[in-house]
Amino acid sequence: MSLYQDRLLTEGIRIIEKNAPSDSFNADYSALTFQDALFKRTQLAELRYQTAPVVNHLKKLVKLFCSVMCLFFFMIGATSVSTFLVSETGAQINFFWAIVLFIAPNIVSLVIWLFLYFKKNAINNTWVTNLSLLLITLLDKLHHKISNKHPHYIALFEYYFEHRFGHYLGRAQLSLISHLWWSCYLLGATLSLLLVLATHQVDFIWQTTILSEDVFVQLTQILTTVPHLLGINVPSASDVSNATIGLTNPLPLAQDSRVSWSNLLIFSLTIYALLPRLILMLFFQRAVKSQQKQFSLNLSLPYYVQLKSLLHPIVNTSFISDPDRVHNNQSTRGTNQTINRKGYEATLLVPKNAYPLAIELNHSRFQQANIHAAEYAVTRLINVVDSDSQQMALLQIQSGSVSNIVLYADLKRLPDRGWLSLVKKCHYQSNVQIYLVLLSEKPIEKNGPLSSRLQDWLEMAAQANITEQHITYIFDDLATIKTNEVENG
C-alpha cells in the first residue's frame, strides 16, 4: 500500500471518528514515531471500519466516470465531421469551416482554462464538488448500489470528492480531466476525418459573403508556415484562389490540390489542436501524482492532537526525554512536591472582561468553553489550532493591553512544550495574570487516568508560573467559575 493510500485511509478514519478518536486500538506504539504509530493504528482500525473498500470503490467510480465521458466526447468529435464538415453531396469540404469548427473552439477553451487556472477562487469549488457528487452518485446507483452496505459511506463519499475536486487536488485534477476530454474530442475528429479522406474523393473549397480572398490567403500562409518548413506539401496562394466555388482544375492539378489541402487540414488538427492538449494532459497527470505523493496530514487538527496523547501517553511523550527535562526537574522539584491530588481551586474567581483563549479544543470542549466564557468575557473565544490563529490571538492580546487571560484546555490532552511555549508568549508583560481552566466530560476518579493527567497539567502549569489558586477543573455543567466584579481583578 502506498504512503498516499495510508494517509487517505487515516483521513477516512478521522472522518468516521469525527473529533473523538477511539482508544480501543491498543498496541505497542512506544518505539514508533507518531507518524508510524498513526499508520499502525490505521491498520488496526481498518479491520473494524473497512474504509479501504469504499475508497477503492470511489476511485473506480472516478475512472469509470472519466472513461464514459471520454467515449462520449470521442463520439461527438467523430460524428461532427460527417454532420458539420462534409456537404450533403459528400464531394466538398469547406476547409476554413473545418478550422473554425475544431481549432477555434479549442483555442477559446484554452484561454478560458488559463484564466480559471491562474485566477484564485475563479471557480467555486463547492459548486464543482456538488456537481461531481451529483453526477457520480447517479453513476454509482446505476453501476453498483453500495451506499447501503457501509454505515459511513456518505461521509467518506463527500470527503473523497472534496479531496479530489476541492482545495487540494481540485485545480490539477479538473485541468487533467478537461484536457483529457478535449483530447478525446479532437482525436475522434482527426480519425474520422482520416477515414473520410481515405474513402472519399473530396474537393476543398472556401465560401464567404463579406470577407475577401486576401483574408483566406493570409490565414493559409499562417497555417502552412510550420508544415512548409518540415517539407510537407501544403497549398500555395494560387491554390487558395482556385478553391473558390465554381472553379475547376485539370485532373492532375486537382488531385495534387486535394492532397495539399488534406495534408494541411490533418496537420493543423494534429499539431495545433491535439498535440497541445496531449502535452497538457500528461503534464497535469504528473502534477496530480506529485501532489498525491506530497499529501500530508494536518497534525494540528484537534483529532490528531488528541490521538497523539492516546498513542504516546505520559511515559512515551517527547518532552520527558527532552534535554531540558533535567533542568526542569531540578528547578521544579520543590514545587512538584507540594502539589497534591487536589491542587486546584473548586471555585475560580475570574476578573470581569478577562480575555478567553482556547487551545486545540475539539467541538464539544470548545462549546463547553464558550458557555463558561460567556459569563465574563466580552470578546469572542478564539480556538488556537495552528500558527495563524496563534498569531492572531497574541496580536489581539498585545494590542488590547490584556492583563487577565483565561486559558481553556482539554484535560485528556497531554500538555507539551508547545503549550508551554504559547503560555510564556502570553506573558508579554510582568503584570499579566493567567488562569487555567481544564475541561472534561466526566469527573475525576481516584487513581484513574484523568487523575494522573491532572497531575501532568499541574506540573506544566507550575512551569508556566500559573499558581494553584488560578487553576480549576470543570466537567459538563458542574463548573464553578465566578466573575469578579472588580474590573482589574
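The H on the amide N of ASP203, modeled in the peptide plane, is under 5 Å from the matching H of GLN92, ILE93, each at least 5 residues off or on a different chain.
Based on C-alpha pairs under 8 angstrom that are at least 6 apart in sequence, the range 1-116 has a relative contact order of 20 percent. Stretching the chain fully between SER451 and ASP386 yields a gain of 20.6 nm (0.36 nm per residue, less the alpha carbon separation).
Each Lys or Arg adds one and each Asp or Glu subtracts one; over the other residues with Cβ under 14 Å from the Cβ of GLN43, this totals 0. Between LYS442 and GLU213, the simple label model (points 7 Å from Cα in the Cβ direction) yields a spacing of 9.5 nm.
For VAL406, the amide hydrogen comes within under 5 Å of the amide hydrogens of TYR355, LEU357, TYR435, counting only partners 5 or more places away or on other chains and with H modelled in the peptide plane.
Compared with the direct C-alpha span, the chain from HIS427 to LEU394 gains 10.9 nm at full extension, assuming 0.36 nm per residue.
Put a dot 7 Å past the Cα of ASN56, heading toward its Cβ, do the same for THR467, and the two dots end up 6.3 nm apart. For ASN298 and TRP113, the FRET efficiency from 1/(1 + (r/R0)^6), where r spans their Cβ atoms and R0 equals 25 Å, is about 0.25.
Near ILE382, the amide H atoms lying under 5 Å from its own belong to ALA358; only residues 5 or more places off or on other chains count, and H is placed 1.01 Å from N. Computed extension gain for ILE222 through LEU44, at 0.36 nm per residue and net of the alpha carbon distance, reaches 57.7 nm. Pair-distance distribution P(r) for the range 341-448, from all Cα-Cα distances in 5 Å bins starting at 0: 2, 11, 23, 25, 21, 11, 4, 2, 0 percent. Distance from the alpha carbon centroid of the range 4-65 to that of the range 170-247 works out to 53 angstrom. Each residue of the range 449-460 was assigned a 3J(HN,Hα) from its phi angle through the Karplus expression (A = 6.51, B = -1.76, C = 1.60, θ = phi - 60°), giving x, 5, 5, 5, 5, 4, 4, 5, 5, 5, 5, 5 Hz with x at Gly and Pro. Computed 3J(HN,Hα) for the range 45-53, one whole-Hz value per residue from the Karplus formula 6.51 cos²θ - 1.76 cosθ + 1.60 where θ = phi - 60°, is 5, 4, 5, 8, 7, 6, 7, 4, x, glycine and proline marked x.
Over all other residues within a Cβ to Cβ distance under 12 Å of ILE382, the charged ones net out to -2, with Lys and Arg as +1 and Asp and Glu as -1.
Rule-based calculations on the coordinates, nothing more; no lab input. Computed from a prediction, not measured in an experiment: that's the story for all the values here. Here Cβ is always computed from backbone atoms with ideal geometry, including for glycine, and neighbour counts include all displayed protein chains.
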